[in-house]
Amino acid sequence: MQTPVVEMRGITKKFPGIVANDSVNFDLQLGEIHALLGENGAGKTTLMNILCGLYEPDEGEILLEGKSVQFRFPGEAIASGIGMVHQHFMLVESLTVADNLVLGQSGQPLIRENPKKLHQRLRNLAEQYGLQIDPAAEVWQLSLGEQQRVEILKAIYRGAKVLILDEPTAVLAPQEVEGFLQTLRNLAAGGTSIIFISHKLNEVLAICDRVTVLRDGRTITTVLTSASNERELAHLMVGREVNKVIRIERQAQSPVPNPQSPIPNPRLIMRDLWVENDRGLPALKGINLAVNAGEIVGIAGVDGNGQRELEEAIASLRPIRGEINLNGTLAHIPSDRYTMGLIPDFSVADNLVLRDIQKPPFNKKGLLRPAAIIRHCTQLVERYLIRTPSPHTHVGKLSGGNAQKVAIARELSRSPQIVLAAQPTRGLDISAIEYVHQQLIAQRDAGAAVLLISTELEEILNLSDRIAVLYEGAIAGIVDANADVRHLGLMMAGKH
Ligand SMILES: Nc1ncnc2c1ncn2[C@@H]1O[C@H](COP(=O)(O)OP(=O)(O)OP(=O)(O)O)[C@@H](O)[C@H]1O
Ligand SMILES: [Mg+2]
């Protein structure tokens, strides 16, 4: 083997109450795509934050092309050709794409380049790598998929030879994934070395040369993907045999496994609902839909067809025309956990009672009852397997998947009558996904009306009693759980 582009030796990183990385070894070859795999909280992001200069390791050594290096801050890693696209994007929302790309470039002349020329240069670069973006668009107007393209382009623009991608496909619609994976293959073929973090084993097997598995902060093993398979990888990750449900099969066996009475009892009703997007254009065009008590209605569709506006309208976060009637208390699992769901600088315990802080048992005559709050937290942490050093840890310090579990645990523990679940399993590992799916079914069986908005068709098919297809802001059709997948796909593409 050649000298690795990157070698991490014996990396240890401790945080209060937790060893996030424990003597981890990892190496990356030139032009290789190397997957980093592990359950939520296994230490993947931490290891990469060390490589990109955000954290200093407590122990261990990093070598670049055989030479020992020490990064004290991200600028030093960037200068050495290491670019990281974070799990949560770090773009400035109020600036244009172009401004974000040139922002903070050290050694950049103060005189700004002619915007027209700069935009053209960026367009060319984008085209070269198949990363379509509009340099003049402001970031707040972009979808998550588009923002990610900007992040990748930013890394390339800054000369990254090593590209670290932390769950890049979690924010992509399934239809976008294949093109994205092809972009990565092209980058690797061009000599970029890529570290790819994903919970999706099929993606890992499709594009990665090798996989390193982390468990509880330790390196379990590194294997060649060509000599492995989904079952083995899942086993290595979790440390036991995983009974991954074969979803389509279950689908075929039990069409509508719903014990509820057939009497329609609508709890969430939308009538002629019109909603505008951030650009002031109609994003929902006259939606009529009712969700009954005891059923899960899935909203299928390619991302960007009005899902976000639908979610925000129901959650009263966006003005509407028409009508939304909520007949009961609403739980909202938000697609964007940090801006809609959680307060990163509050503790896990406080985030878990955020919506009930005025109510007993958490509050008595206007006084908070910390013991009750902590007890509630301890229960939910156990039930949802939230990996946190303590109830007092700030949510912003949790791993991405564990933060998502906090949002889900809070919302589902409130015995809601209506559940609005938007991309509920984004960023979760396989066991956590199974658990959340069980919870949504349990809510339905307890009589809640569940509206599931998801770009994962598999998830929609697996859970829904009825499926509504959203296409260009309108409902293209409503089908039952037995729907033919091809037929659904055609509707999602506007071809039916
Ligand atoms: N800045 C920090 N302060 C305190 N603890 C932290 C910090 N960053 C990470 N941790 C802890 O380190 C552990 C590993 O977290 P990390 O984010 O590396 O996990 P991960 O493998 O990326 O998980 P996920 O799949 O959920 O993204 C977690 O228990 C997390 O709470
Ligand atoms: Mg992570």
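The values are calculated or read from the model by the stated rules, or taken from the named source; none is laboratory data. Not measured: the values here are computed from a predicted model. Counting neighbours? That spans all protein chains shown, and the Cβs are built from the backbone with ideal geometry, glycine included. Side chains are part of the model used for accessible areas, which takes the heavy atoms of the whole protein and leaves out ligands, DNA and RNA. Shrake-Rupley method; radii C 1.70, N 1.55, O 1.52, S 1.80 Å.
Key figures for this structure:
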read-out	value
Listed residue (ALA227, ALA206, GLY159) projecting farthest to the positive dipole end of the chain, Cβ model	GLY159
Principal-axis tilt of helix 115-128 within the chain, Cα atoms, nearest 10 degrees	90
C-alpha center-to-center spacing [the stretch 421-496, the stretch 156-231] in angstrom	26
Dipole in debye (nearest 20) - the chain, about Cα centre, beta carbon charges: Lys, Arg +1; Asp, Glu -1	920
Relative contact order (%) - criterion: Cα under 8 Å, at least six apart; region: the stretch 6-238	29
Cα-centre dipole for the stretch 59-183 with unit charges at Cβ (Lys and Arg positive, Asp and Glu negative), debye to 20	600
Nearest-10 value in Å² for the accessible area of ILE324, using the 1.4 Å probe	40
Sparse-neighbour loop sites [trypsin sites (Lys or Arg not before Pro); the stretch 304-386; at most 13 other C-beta within 10 Å; DSSP]	LYS365
Qualifying trypsin sites (Lys or Arg not before Pro) for the stretch 14-86 [loop in DSSP, other Cβ within 10 Å: at most 16]	ARG72
Projected label distance in nm at ARG121 and ARG375, using a 7 Å step from Cα toward the beta-carbon	6.4
Extension gain (nm, one decimal) between VAL485 and LEU385, 0.36 nm per residue minus Cα-Cα	32.7 nm
Furthest towards positive pole of dipole, SER68, ALA290, THR96, structure part the chain, Cβ charges	ALA290
Filter on LYS200/LYS405; LYS67/LYS117; LYS285/LYS495 - keep pairs with C-alpha separation over 28 Å	LYS67/LYS117
Shape category assigned to the stretch 395-441 from the gyration tensor of Cα positions, a/c cut at 1.5	oblate
Relative contact order of the chain, pairs being alpha-carbon contacts under 8 Å that are 6 or more residues apart, as %	16
Spin-label zone in the stretch 27-44 - amide nitrogen under 19 Å from a point set 7 Å from the Cα of ASP209 along the C-beta vector	27-37
Theoretical ellipticity at 222 nm over the chain - DSSP helices of four or more residues, -39500 (n - 2.57) apiece, nearest 500	-9500 deg cm²/dmol
Contour minus Cα-Cα distance for LEU326 and LEU368 (0.36 nm per residue)	12.2 nm
Under 14 Å from the Cα of LYS116 - aspartates and glutamates, other chains or at least 8 residues apart	ASP99, ASP134
15 Å reach of a label modelled at GLU65, 7 Å along Cα-to-Cβ, counting backbone N of the stretch 188-203	191-193
The chain shape via C-alpha gyration tensor axes, a/c threshold 1.5	prolate
GLN358 paired with ASP272, simple spin-label distance in nm, labels 7 Å along Cα-to-beta-carbon	3.4
Charge-dipole axis of the stretch 309-369 as Lys and Arg at +1 and Asp and Glu at -1 on Cβ define it, positive-most pick from MET340, ILE314, THR329	THR329
Within the stretch 6-238: Cβ-based charge dipole about Cα centre, in debye rounded to nearest 20 (Lys, Arg +1; Asp, Glu -1)	460
Crossing angle, helix 144-157 versus the chain [Cα axis fit, 0-90 degrees, rounded to tens]	0
Amide N proximity, the stretch 450-469 versus GLU230 label position 7 Å along Cα-to-Cβ, cut-off under 19 Å	455-464
Sites matching GluC sites (Glu not before Pro) across the stretch 23-75 that sit in DSSP coil, with at most 16 neighbouring C-beta atoms within 10 Å	GLU65
Three-way shape label, the stretch 61-194, alpha-carbon gyration tensor, a/c 1.5	oblate
